[in-house]
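Working notes, structure below.
The values are calculated or read from the model by the stated rules, or taken from the named source; none is laboratory data. This one's a predicted model, so the numbers in the text were calculated from it and none came from an experiment. Cβ atoms come from the backbone with ideal geometry, glycine included; neighbour counts cover every protein chain shown. The protein model used for the area step is the full one, side chains on, heavy atoms only, and it has no ligands, DNA or RNA in it. Shrake-Rupley method; radii C 1.70, N 1.55, O 1.52, S 1.80 Å.
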Amino acid sequence: YSLVGLFGTADKWISFFFFFALNLATYTYFGQAFISLVKDVNTAGALVGALIGFNVFFSGLVVQPQYLTGPFQLGYWTAPGRYAYEGIITSQFLDLPYKVIAEPLGPFYYSLGCADPDVECSGTMEEYVDFFFGGRFKARYSGLDIGVLFFCLFLARLLLWLALWKLNYVNT
């Protein structure tokens, strides 16, 4: 945590650990459910790989949320990783006192309304997060983020329970 420059307060560390643990638990529990739902390890690995790819693509980190339009909105709103990453990013970066210096003639530079490339233009960390994520990652959504992540954990555990109860691959 501190090695990447996040030297926040105890509540920031707890928030980071909470969302990070929920994200890891989501991957782990779905992995357990997938291994119980299918007959072989290779298929379960492919399902987990698909889940990870889905999360990475639609979480808002690889493809920014403002560019996920049309049918891609469904992926954005259903990817569990999006809620974990939103919780981590908003809890860690929104209230930092650092200024972000905009690169002259870059997109953040123009979003701040800067005009003279010879004059340093800067914004707050909150302005940069708002710019980068198209205004979609908000701290006020943390309750929704936590609720969706717990629902995903419940769904994964339910799938695991149903698979263990109804499926038996011992003789196959």
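Across 132, 154, 19, mean-square fluctuation computed from a Gaussian network of the chain (C-alpha pairs under 10 Å connected) peaks at 154.
Taking N as the residue count of the chain, its C-alpha radius of gyration divided by 2.2 N^0.38 Å amounts to 1.27.
Overall, the accessible surface of the stretch 1-86 at a probe of 1.4 angstrom is composed of carbon and sulfur to the extent of 74 percent. Taking every C-alpha pair closer than 8 Å and separated by at least 6 residues, the mean separation divided by the residue count of the stretch 26-172 gives a relative contact order of 32 percent.
Solvent-accessible surface of the stretch 111-172, taken per residue with a 1.4 Å probe and all protein chains present: 67 Å². Here's the list of lysines a cross-link from residue 166 could span, going by alpha-carbon distance under 16 Å and ignoring same-chain residues fewer than 8 apart: 39. Computed from the alpha carbon positions, the gyration tensor of the stretch 54-137 leads to an equivalent ellipsoid with semi-axes of 27, 15, 8 Å, biggest first. Rounded to the nearest 10 square angstrom, residue 126 shows an accessible area of 100 square angstrom against a 1.4 Å probe. Each Lys or Arg adds one and each Asp or Glu takes one away; over the other residues whose Cβ falls under 15 Å from the Cβ of residue 26, this sums to 0. Of all complete DSSP H helices in the chain, those with a Cα span along the helix axis of 18 Å or greater and a mean Kyte-Doolittle hydropathy of 1.0 or more are 41-58, 142-166. If one computes the Cα centroid of the stretch 81-128 and of the stretch 59-78, what distance in Å separates the two points? Measuring centre to centre over Cα atoms gives 20 Å.
Straight-line reach from residue 138: which lysines have a Cα under 27 Å away, not including same-chain ones fewer than 8 places off? Within the straight-line cut-off, residue 138 pairs with 12, 99.
Using a Gaussian network for the chain with springs between C-alpha atoms less than 10 Å apart, which of these wobbles most: 49, 81, 70? Of the options given, 70 has the highest mean-square fluctuation. A Cβ-based charge dipole, computed about the Cα centre of the chain with Lys and Arg at +1 and Asp and Glu at -1, lands at about 980 debye.
When the Gaussian network model of the chain links Cα atoms closer than 10 Å, the mean-square fluctuations of 23, 55, 42 top out at 42. Applying 1/(1 + (r/R0)^6) with r as the Cβ-Cβ distance of residue 42 and residue 77 and R0 = 22 angstrom yields a FRET efficiency of 0.15.
When the helices of the chain are scored as -39500 (n - 2.57) per DSSP H run of n ≥ 4 and the total is divided over every residue, the value at 222 nm lands at -20000 deg cm²/dmol.
Write down the accessible area per residue of the stretch 4-71 in Å², having rolled a 1.4 Å probe over the full set of protein chains.
56
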